[in-house]
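The values are calculated or read from the model by the stated rules, or taken from the named source; none is laboratory data. This structure is a prediction, so every number in the text was calculated from the model and none was measured. Virtual Cβ from ideal backbone geometry, glycine too; neighbours counted across all protein chains shown. We work out accessible area using only protein heavy atoms, side chains counted, and drop any ligands, DNA or RNA first. Shrake-Rupley method; radii C 1.70, N 1.55, O 1.52, S 1.80 Å.
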Amino acid sequence: MEETLNYDSLLILTVVAFFTPFLVAKLKKIKIPYQVGEIFIGIILGKSFLNIIKPDVWILFLSNLGLAYLMFLSGLEINFDDLKLKDNESIIDSKIFLSIKMFIISLIVSIILSFSLKFVGIDSGTLFFALLFTAAAPALLVPILKAKHILNSDFGQSLLIFGLIGELVSLIGITFVSSVTTYGLSLKSFTFLIIFGVAFLMYFLAKILFKINDFSAVAFKNLHLSIRGAFALVLVLVAVAEKVGSEIILGSFLAGIIFSLLVGKAKEEISHQLDVIGYGFLIPIFFIMIGVNIDLNAIIENPGSIAKIPVFLIIFFLVKFIPCLLLKKKYGMRNSLASSMILTAQLSLVIVGAQMALNLRYINNSDYSAFIVTTVISCILFPILFEKLIVEDENTVQKVAEEEKIIIREFLISNQLYLGKSLKECKLPVGCRIFSIIRDNEEIMPNADTVLEANDLIILAGVRHAVEDTINMLTVCNLSLPD
């Protein structure tokens with residue numbers, strides 16, 4: 001039977017996604033991240049309360065695509081140039097070594113604490129849970145750090161690398177343990193390695209393709225090949241992950257790493273275009289649907305599971321807090337504690353891991369409910385605590401202020417009011433300059449008398465705020481020309 005598209009739920013989702021930032025902005029005293037606000041709204045609209053959003057196959061597809069896209073952006077955010085050793089810097093002092101050292105401590109603490117589960121009635125799967133407790137949530141970490149301009153600092157990159165290592169090791173580890181438990185130690189237990197093989201193959205094929213073809217904006221005007229390539233890369237590796245029985249987030253994360261290596265110095269400009277699609281549409285749907293799918297009523301009906309929730313929360317916190325003490329010397333105790341808070345927040349991997357543990361009969365339905373509510377509490381509580389504790393200074397915030405950074409953008413002029421006007425008549429904002437116009441596949445070096453025409457592809461550079469004002473001016477229909 002053919003599945004029909006239900007526009008009602010999709011309409012509610014998109015409207016809610018639009019208004020949620022305004023609602024969150026009103027809560028100035030609490031300062032919750034926008035993603036947490038989206039989860040809150042999802043809980044209200046979902047199974048727990050109003051139940052007005054019905055997750056049909058298309059909404060589930062968009063939600064899963066939002067998760068895959070978010071993990072892709074997480075992989076893309078890794079700055080490989082920053083991972084290189086600086087002048088006179090030893091490998092012991094590098095952020096990659098610090099992140100690896102933090103993860104090793106985290107894993108040791110997790111293994112020790114996992115034995116305590118026997119005291120709350122979980123007697124099997126100790127290694128499985130030790131790996132699961134090391135999980136992080138880059139899907140929540142990246143947008144929160146990015147919004148505070150922390151992500152590209154040494155502090156932010158250290159947290160991101162540590163979080164990604166934890167997520168990857170946890171994902172691969174629990175998948176491997178699950179396969180061994182189900183099939184025994186056989187070749188089927190190593191099928192996830194196929195994803196890595198396909199990822200490396202795609203990287204080398206793309207490098208060869210770039211050498212023999214011209215993929216510039218001039219050659220393919222307005223076709224946005226970088227965006228098409230990003231989606232193709234994500235969906236190929238997601239499809240491979242699905243075929244080999246692994247999680248889609250592994251494939252999409254590897255796609256982000258590959259794309260970051262391929263685009264090189266153009267990453268910032270391409271990331272801007274990719275962010276528009278992700279944070280403007282797909283990713284809010286993913287966060288709202290997390291809340292929609294949570295059934296708090298079912299959890300309340302299992303009072304035995306409620307007692308295990310604080311135990312799980314304490315384990316998740318200690319597994320992140322103890323290694324984060326290594327950050328104290330450089331960033332201070334408060335930022336060290338704040339970093340443990342944001343890393344303790346959990347999302348989809350714990351939910352997936354809990355479902356796997358239930359299928360493997362490590363836990364019962366009551367324990368599964370406890371893991372779900374633990375995830376909900378962690379992704380709401382700990383980001384709020386992070387906001388309260390974090391000290392934004394020169395050690396945590398990226399050194400180049402966002403508004404002062406020179407950026408390059410390309411766009412298609414669409415405001416009819418400026419067509420037929422010369423550049424000197426347009427009176428563009430101070431702080432940017434149009435240095436190229438592509439018209440009928442020919443590149444024009446403009447001057448003050450150059451007249452703008454329909455379908456002109458504008459390429460301009462300048463400080464961020466001036467560039468964004470210029471793009472808004474030439475693409476959004478204004479009522480009048482500037483004075």
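Summary of computed values
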| item | result |
| --- | --- |
| Computed P(r) (all Cα pairs; the stretch 295-426; 10 Å bins; percent) | 11, 27, 20, 15, 13, 10, 4, 0 |
| Separation of alpha-carbon centers, the stretch 145-207 and the stretch 35-66, rounded to whole Å | 27 Å |
| Distance between modelled label sites at Phe317 and Phe61, nm, 7 Å Cα→Cβ extension | 4.3 nm |
| Sites Leu296 and Leu419 - FRET efficiency at Förster radius 60 Å, r taken between beta-carbons, to 0.05 | 0.65 |
| Cα pair distances of the stretch 94-245 binned at 5 Å [whole percent] | 2, 8, 11, 13, 15, 17, 14, 9, 5, 3, 2, 1, 0, 0 |
| Length released on extending from Phe115 to Phe19, taking residue separation times 0.36 nm less the Cα-Cα span | 30.1 nm |
| Gyration tensor (Cα) of the stretch 224-366, equivalent ellipsoid semi-axes in angstrom | 33, 24, 15 |
| Accessible area of the stretch 87-186 divided out per residue, in Å², using a probe of 1.4 angstrom | 38 Å² |
| Theoretical gain in end-to-end length, Thr475 to Leu27 [0.36 nm per residue, Cα-Cα removed] | 158.1 nm |
| Contour excess over end-to-end distance, with Cα ends at Tyr203 and His224 and 0.36 nm allotted per residue | 5.6 nm |
| Rounded accessible area of Phe190 (nearest 10 Å², 1.4 Å probe) | 90 Å² |
| Simple label model, 7 Å out from Cα along Cβ direction - Ile194 to Glu394, nm | 5.3 nm |
| Per principal axis, descending, Cα span of the chain in whole Å | 79, 59, 49 |
| Efficiency of FRET from Cβ geometry, Arg334 and Phe210, R₀ 60 Å, rounded to 0.05 | 0.85 |
| Estimated FRET transfer efficiency (Thr182, Met445; beta-carbon r; R0 45 Å; 0.05) | 0.10 |
| Peptide ranges 410-418, 63-71, 330-338 listed from the most packed, as the mean C-beta count within 10 angstrom indicates | 63-71, 330-338, 410-418 |
